[in-house]
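Peer 1: Dropping the structure in here first, questions after.
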Amino acid sequence: MGQQGYGECYCSCFEGEMGLKRASKAFEVPKTTLRRRVKGTNIYAKQGDKSLGRLKPTFPPEIEEELVSYIIRMEEMMFGTTTTDVRRLAYQLAVRNQIPNKFDDDKEIAGLDWLAGFMKRHPQLSLRTPEATSAARARGFNQTAVGKFFDLLESLMEEHHFEPHNIYNVDETGMSTVQGKPSKIIAKKGRRQVGTLTSAERGTLVTAEICINVTGSFVPPLFIFPRVRMKPELMDGAPIGSIYECHKSGWMQLPIFARWFLHFH
C-alpha cells in the first residue's frame with residue numbers, strides 16, 4: 001500500500017468514519033499501527049511523511065553520528081569498543097535521552113538487530129580483530145608525539161588557567177597479598193640460619209588506583225579485590241578514606257571507574 005492509501009486509512013479512523021478494527025481489515029493495515037497514528041504517539045513522524053515505525057532507526061541521525069565519532073575516537077586511542085560495548089552505549093543513550101526503544105531493559109542492552117542496522121547505516125565502520133599493541137607503542141612515545149602533547153597542554157593551560165592543586169595524575173598498580181621478600185629481623189648472634197613463617201599461598205593481585213596532584217596532595221586510594229564478596233578485615237591498615245570494590249578479575253572495570261570519579265569529586 002502506498003502513502004496515499006495509508007493516508008486514506010488514517011483519515012477514516014481519525015475522522016470517525018470507521019473504527020480501528022474495520023479500517024484495519026479494509027485497508028490491510030495493522031491495528032496497533034493505526035492506534036499509534038490516531039493517538040499521535042509516533043513522535044518522530046514528520047508531517048506529510050508519516051513513518052509507521054517498523055524500519056525507522058531508534059535514534060535521530062545526529063545522535064548516531066555522535067556515537068560513530070565516539071567509536072572511531074576510542075579506536076584511535078587503542079581502546080576499541082566491542083559489539084557488546086556499543087549495544088550497551090546505545091541503551092544508555094536511549095534511556096538518558098528518553099528516546100522510545102525496544103531494547104532489553106533487564107539486560108540494559110540494545111538488540112543485535114539494532115546493531116546490524118547501525119553498522120549498515122554507517123559503512124565507515126567495520127568489525128575487526130585488533131592486534132596486540134604494547135603500551136609504549138600505543139602511546140607513541142617519541143619526540144613528535146610528546147611535542148604535540150605539550151602543545152595541547154600549553155593551549156589548555158592558557159585557556160583554563162589551571163592551578164597546581166587542580167592538576168592530577170591517576171594510575172593503577174598491582175599489589176600482592178603475600179609478602180615477596182622477608183624483611184631483616186633481629187636474631188641471636190652466631191645462628192647460621194634464621195627462619196620466618198610465610199604464607200604458603202602464591203598471593204593474589206589487588207589493583208590499587210592512585211591519584212596525586214602537583215602539590216603532593218593525594219586522593220585516598222581505591223582497592224579492587226579479586227573476589228565477589230568483601231571481608232572488612234581486608235581493609236585493615238589502609239589509608240584513611242580509602243574505598244574498595246570487588247570484581248572476580250580484580251581489575252578495573254568501567255562501572256568501577258565511574259564510581260571512582262564520584263570518590264575523586
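Peer 1: Identify, please: which residue in region 247-265 is within 24 Å of Asn213 (Cβ to Cβ) and of a type outside the set (A, V, I, L, M, F, W, C) and is, among those, nearest to the chain's Cα centre (by Cα)?
Peer 2: Arg259
Peer 1: Further question on the same structure: Looking at region 54-80, which of its residues are under 14 Å from the mean Cα position of the chain (by Cα) and modelled with pLDDT under 90?
Peer 2: If the condition is that a residue be under 14 Å from the mean Cα position of the chain (by Cα) and modelled with pLDDT under 90, then Arg73, Met74, Glu75, Phe79, Gly80 are the ones that fit.
Peer 1: OK, next. Look through Pro123, Pro130 and report the one residue that is at pLDDT below 90, closer than 30 Å to Glu62 by Cβ and of a type outside the set (Phe, Trp, Tyr).
Peer 2: Answer to the selection: Pro130.
Peer 1: Would you mind stating whether Thr83 is outside the structural domain of Met252 (by TED's automatic domain parsing), over 21 Å from the mean Cα position of the chain (by Cα) and modelled with pLDDT under 95?
Peer 2: Answer is no for this residue.
The values are calculated or read from the model by the stated rules, or taken from the named source; none is laboratory data. This one's a predicted model, so the numbers in the text were calculated from it and none came from an experiment. As a convention, Cβ positions derive from the backbone with ideal geometry for all residues, glycine included, and neighbour counts pool all protein chains shown.
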